[in-house]
Structures are given as structure tokens and as C-alpha cells.
1. Kirkwood hydrodynamic radius, the range 4-54, all distinct C-alpha pairs: what's the number in Å?
2. Under 5 Å between amide hydrogens, which residues at least 5 positions from Q98 or on another chain qualify, with H placed 1.01 Å from N in the peptide plane?
3. Can you list residues from other chains, or at least 5 along the same chain, whose modelled amide H is less than 5 Å from the amide H of V77?
4. Fewest first, what order do I54, I44 take by the number of other Cβ atoms within 10 Å?
5. Where does each of F37, F42, F91 land when they are ranked from fewest to most other beta-carbon atoms within 10 angstrom?
6. For a quick check: sort R99, R26 by the number of other beta carbons within 10 angstrom, fewest at the front.
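No lab work stands behind these numbers, since they all come straight from the coordinates. Predicted model, so just to flag it, every value in this text is computed and none were measured. Note that we place each Cβ from the backbone using ideal geometry, even for glycine, and neighbour counts take in every protein chain shown.
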Amino acid sequence: MVALGPLLTLAAASSCLGTIISGHLRPCLSDLTFVAFGGVLFVIGIIVAVIGVIVPDPYPSTSPRVGPVLSPQQPNVTCKKCGSVYSSGLFFCPSCGQRPS
């Protein structure tokens, strides 16, 4: 935005100057809106750049207390039908579909 704003302003201002030199004043009024819009883009780009410099990027914490919460390990269950071992958190054996009893 910082680069696009001045380019838009310069292009619109040169177009406006060209229409004034050629003797047409009215078409320059529509170009003035682009001059203003380019100025607004430039100012917004400067504000965003300053905020980006002031506000730091979030860094991962090195504190051991902060981090993902791990769920406790669930004991494994051996299926009575097929003999495969699976987690007791599952509602059925992934191999044969037998429900634990």
C-alpha cells in the first residue's frame, strides 16, 4: 500500500494535468478522486507499517507450564474375538468390530 498509493496518485495527477492542458476541466474532477484515494492508500500503508514495527510478533513461550495438555494414556484392551490389541477408549475393535465386554 505504501508503494501503490503514490503510484496511483502520480498517475491520476498526471492524467488530470493532461486534461487541464488540453482544455478540459471536467474530466479532471474524476481524476481528483483517484488522487485522494491514492493519498488515503499511502497514509493507511504508513500506519500499517508503523503498527507492524511497534507490535511485536508472538514468540512461543519457553515456560514449561505452557503447552498442549496431554490426555492421560488409556490402557490397551485385547479383543476376545480376534486377539488384536487396541485402546480402551475405542467403542469397538478396529479389526473385527467386536465390542468390549
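1. Its Kirkwood hydrodynamic radius stands at 11.5 Å.
2. HN-HN under 5 Å from Q98: C93.
3. Sorted by chain and number, the residues that satisfy this are Y86, S87, S88.
4. Result, fewest neighbours first: I54, I44.
5. On the way: F37 14, F42 19, F91 7.
Neighbour counts put them in this order, fewest first: F91, F37, F42.
6. Values: R99 10, R26 7.
Lowest to highest Cβ neighbour count: R26, R99.
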